[in-house]
1. On the protein heavy atoms, probe 1.4 angstrom, tell me the percent of accessible surface of the chain carried by carbon and sulfur.
2. What is the Rg over Rh value, at two decimals, for the chain, using alpha-carbon atoms and the Kirkwood definition of Rh?
3. Using just the helices of the chain, give the 222 nm mean residue ellipticity in deg cm²/dmol: DSSP H runs with n ≥ 4 each add -39,500 (n - 2.57), and the total is spread over all residues, rounded to 500.
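The values are calculated or read from the model by the stated rules, or taken from the named source; none is laboratory data. This is a predicted model, so every value here is computed, not measured. These area figures cover heavy atoms from the full protein model, side chains too; ligands, DNA and RNA do not enter into them. Shrake-Rupley method; radii C 1.70, N 1.55, O 1.52, S 1.80 Å.
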Amino acid sequence: MNRLQRNCVLASASIHGVLAGALVFGSAFLAPSRKAPDLDVLTVIPDLLVDAPISGGGNPNITQPAAPPPQPRPQPQPEPRPPEPVPQPQ
């Protein structure tokens, strides 16, 4: 390797080292700062105060009819077993 090639290899290796260092250390120092988002303050009004005057209606003295009793489910019938085969005498 002659003198020119050796200088080019050293220059290339040093530039690659600087780029690798910038990639590793630059990402640590250039991290974006995280700001809290600017949000508006929400005013919450309880629904009891707002909906109470306009909701309701109907007759409160009416009673609900009784619900019909539930129908009993039919019991599943067990399947009859097939007769066991009789062994044949030899």
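1. Details: 6380 of 10120 Å².
Using a 1.4 Å probe with all protein chains present, the chain comes out at 63 percent carbon and sulfur.
2. Numbers: Rg = 43.8 Å, Rh = 26.6 Å.
Rg/Rh for the chain comes to 1.64.
3. Value at 222 nm, helices only: -12000 deg cm²/dmol.
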